[in-house]
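See structure below.
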Amino acid sequence: MQTPEEYEITLRVNALVKGLKKRRGYTKKDISQKLGIGLTTFNDYLNGVSSFKLGTLIKFASLCKLTLPDILDDTLEAKKLYLEDLADRANTGKNTLDFLAFIIFIPTAISGFAIQWVFLLLLILLTLLARKDLNSQLLTAIFFGVSSLLYLVLTPLRHYMQPIYSGFIQNMTYFSLAILSDFLMIYLLRNKMSLSVKLTKGNNKSVLEKNYMEGPIGIVIMGLLFVDSLAFLENIIRNLEHFGINEDFARQFWEVQFIFDNFKSIKFFLMAVIIILLFVGTRIRHRQSSLATVELIS
């Protein structure tokens, strides 16, 4: 067994081993071979079962391009090797904050219908970001596919209807299509696993894994459905005369337009939340995959 002082050194060596894995791609087996000892012996050292030999520590320090005093005294040169992972985590957090800030400040640069196309572009970027994780990529594809379909239908329809039909008919058409798209997203999200298996023909086991963002995204999509439904009902209430109701009676409801007035802002917020959840989910799964790869190598 190791003494407390020896165990403290062992903790530093373990941290340096992780640094060697990350920066130089060494496995424990590679390191043990370079040290001229067996993998079992090396694991005993790392687990505190037996103490490092002085010669082994000197060879290990050389492998890390350090000196023995660097390891024994835990100098800054030694810390540089194993603190890089902490720096990566900090950068990950910074990148996430930068992305959130970008989403939040979109309305200051553009407005109205153009926002929808910006979100489609962001979804394309998220799909590219998740290219190494089919699970996250398929989750993003659901939202991208349905949103693209909705926008591609609405764009020509908007130009066709505007000079011919009243605002009431235009709004009814838009809200109806939005509700249908919400139901389609809910259906695809609930059947994501079975659809993924069919698309991959069962050749990719990652699609069977639970994506922890599915639940929160499902809740937000339900929020979209709720808002679109309220907007649809409000449009009817505000235009009762179109259904044969006496205009004098219907007039009192003409000012009922709270959802209508705030519709774009509410939809933007919910869409932004989905984008953020997809981004965070992709980063989490990427991080988990990296850690799993390291553990497998070791």
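Just so it is clear, none of the values below were taken in a lab; they were calculated from the coordinates. Note that the structure is a prediction, hence the values are computed from the model and not measured.
Label segment 121-236 by shape, choosing from rounded, prolate and oblate, from the square roots a ≥ b ≥ c of the eigenvalues of the Cα gyration tensor; if a/c is under 1.5 it is rounded, and otherwise prolate applies when a/b is larger than b/c, oblate when it is not. Note, shape of segment 121-236 comes out prolate. For segment 175-263, evaluate the Debye formula with one uniform point scatterer on each Cα (no solvent term) and list log10 I(q)/I(0) at q = 0.19 Å⁻¹, rounded to two decimals. Here the Debye-derived log intensity ratios amount to -0.88.
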